[in-house]
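To keep things clear, I will list the structure first and then write my remarks on it.
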Amino acid sequence: MMCSGSNVFRSAALFLVIACALILASCTNSSDTSGNFADDDILMNNLQYLGTHNSYHIQPRADIFELLLAFIPEVAPTLAYTHIPLQEQFGQQGIRQIELDVFHDPDGSLYADHQGRTLFGEPAASGISALDEPGLKVLHVQEIDYETTCYTFVLCLQEIKTWSDANPGHLPITVLVETKDEAIADPLDLGFAIPLEFGPEALNQVDIEIRSVFPDSQLIVPDDVRGDFATLELAVLTQGWLPLSEARGRVMFALDNGGSIRDNYIAGHPSLTGRVLFTDSEPGTPEAAFLKRNSPTAVPGEIDMMVQLGYMVRTRADADTEQARTGDTARREAALSSGAHFISTDYPVPNPEFSDYQVTIPGDGVARCNPVNAGKCSEELLQ
C-alpha cells in the first residue's frame with residue numbers, strides 16, 4: 001500500500017524530531033542525581049496506566065435507547081456502555097486516566113431540559129438542580145446521550161479531589177478534557193439545545209474551574225514539566241517528566257481537541273506558559289509533550305518511537321463497543337505492547353451481555369513498568 005501524503009509528512013517530521021532528540025540527549029548530563037527514595041529514580045512516564053473512555057458515561061435508559069436504535073441505528077449501538085462513579089473507578093478498578101466531555105453553559109440551564117422525554121409523556125425538565133447552575137456541563141451528546149455520573153465539570157473535579165485527598169501518595173491521575181459545541185439533528189423538531197461555541201472565553205473557563213477545585217500543589221501543569229527549558233518539548237525530550245516522588249498524589253489535565261480549539265488554548269501562552277492543560281500537539285512544536293494516538297496500529301511503530309523519545313501517549317484498546325461484542329483482543333494487545341502510557345477502554349470489567357472482553361494492566365498493581373521505556377522502574381516499587 002502506498003503511503004498517503006500526510007503519512008509521508010509525518011514520517012519526515014518524526015525523523016527530524018528523532019535527530020534533534022539524539023543531539024540534545026548527547027548534551028545532557030546523564031549522571032545519577034537521585035535522592036534517597038526509589039521514587040526519585042522513576043519518572044511518571046516510565047509507567048503504563050489504565051484509563052476509561054468517556055469516564056462519566058451511563059448508557060441511555062431503555063426506552064430512549066430503543067428510540068435511538070430506530071432513528072440512528074448506526075450510532076446507537078456505540079453508546080451501550082456504562083461506567084461506575086469516578087471514585088469507584090479509582091478505588092475498585094485501578095483507573096488512573098479518565099476522560100470528561102464538557103459543554104459551555106455560562107448562564108446555566110442550557111442542558112437542564114431533555115426534550116426526548118416528552119415523547120413518553122414526561123416533562124422535558126430534568127429537575128436536576130446542578131444543571132441550572134452556571135458553568136461547564138459534562139455529558140456525551142446533548143438531548144440523546146446525556147446520562148452521567150457527575151453533571152457538571154466542577155462536580156466531577158470534586159469527586160477526583162475527594163478520592164485523591166483520601167488516598168495520599170496515589171499514582172498521578174490524568175484527566176483528558178474534550179470540549180464540545182456541535183449541534184445535532186432534531187428530526188422531530190423537539191427543540192433540541194444548541195451548544196454554545198467553545199471560544200477563548202470558554203477555554204479559559206476550563207482552567208478557572210480546575211483551579212477553583214485544586215490548589216497548585218495538587219496539579220501537574222506544563223510549567224512544572226518545562227522548568228527552565230526554552231520549550232515544553234525540549235524539556236520532555238531531554239530532562240523528562242516529573243519523578244514519581246513529585247508526581248504522586250497529583251492530577252494532570254490534557255486537552256483532547258486539536259485544530260482551532262487547541263490553537264486558541266495555546267494562543268498567548270507559548271509552550272503553554274500559565275496554562276493548566278497539556279495539549280495534543282504534534283512533535284516539533286514547542287508545546288509537544290502529550291500525544292493522542294487513539295488507534296494503536298494506525299502507524300506501525302509510531303507510539304513505541306514517541307514513547308522512547310519522551311512524549312506521553314494515550315491510545316484506546318477498544319472503540320464503539322466493537323471489541324466487547326466480538327471478543328477480539330488484537331487491538332487491546334497492540335495497545336498494551338505499544339508502550340502508550342494511558343490505555344483507555346470502555347470495559348475495565350466485562351459486559352456479560354457481549355462477551356468476557358475486558359482490559360486490565362498486566363501484573364498486580366494499578367500500573368506497570370512501561371514495556372517500552374521502563375527506565376529504573378521495577379514492579380515491586382509500584383505497590
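Numbers below:
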quantity: Cut-off under 5 Å, modelled amide H: who pairs with GLU178 long-range; calculated: LEU100, ASP101, VAL102, ASP256
quantity: Total formal charge among the other residues, if their Cβ is under 12 angstrom from that of ASP113, Lys/Arg +1 and Asp/Glu -1; calculated: -2
quantity: Share of carbon and sulfur in the accessible heavy-atom surface of the range 113-222 [1.4 Å probe, %]; calculated: 52 percent
quantity: Net charge of Cβ neighbours under 14 Å - reference ARG314; Lys, Arg +1; Asp, Glu -1; calculated: -2
quantity: Karplus 3J(HN,Hα) series, Hz, for the range 106-113 with 6.51 cos²θ - 1.76 cosθ + 1.60 (x for Gly, Pro); calculated: x, 9, x, 6, 4, 10, 7, 9
quantity: Fraction of accessible area attributable to carbon and sulfur, the range 278-383 (%, probe 1.4 Å); calculated: 48 percent
quantity: Shape of the range 149-266, Cα gyration tensor, a/c cut at 1.5; calculated: oblate
quantity: The range 58-107: GluC sites (Glu not before Pro) in DSSP loop, at most 10 other beta carbons within 10 Å; calculated: GLU74
quantity: Selected from ASN264, ILE303, MET252, residue furthest toward positive end of dipole (the chain; charges at beta carbon); calculated: ILE303
quantity: Cα gyration tensor shape of the chain, rounded if a/c is under 1.5, else prolate or oblate by comparing a/b with b/c; calculated: prolate
quantity: Solvent-accessible heavy-atom area per residue, rounded to whole Å², over the chain at 1.4 Å; calculated: 43 Å²
quantity: Percent RCO, i.e. relative contact order, over the range 94-191, from Cα pairs under 8 Å lying at least 6 residues apart; calculated: 38 percent
quantity: Farthest positive-ward along the chain dipole, Cα basis, beta-carbon charges - from LEU131, SER55, ILE220; calculated: ILE220
quantity: Global geometry of the range 285-383, whether rounded, prolate or oblate, following the gyration tensor of its Cα atoms and the 1.5 cut on a/c; calculated: oblate
quantity: For the chain, built as a Gaussian network whose Cα springs stay under 10 Å, the top-fluctuating residue of THR152, THR315, THR273; calculated: THR273
quantity: Solvent accessible area, Å² - CYS369, 1.4 Å probe, full protein context; calculated: 20 Å²
quantity: Sum of -39500 (n - 2.57) over DSSP H runs of 4+, divided by residues of the chain (222 nm, nearest 500); calculated: -8500 deg cm²/dmol
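The values are calculated or read from the model by the stated rules, or taken from the named source; none is laboratory data. Quantities reported herein were computed from a predicted structural model and do not represent experimental measurements. Neighbour counts are summed over all protein chains in view; Cβ atoms, including those assigned to glycine, are modelled from backbone coordinates with ideal geometry. Ligands, DNA and RNA are excluded from the accessible area calculation, which covers all protein heavy atoms including side chains. Shrake-Rupley method; radii C 1.70, N 1.55, O 1.52, S 1.80 Å.
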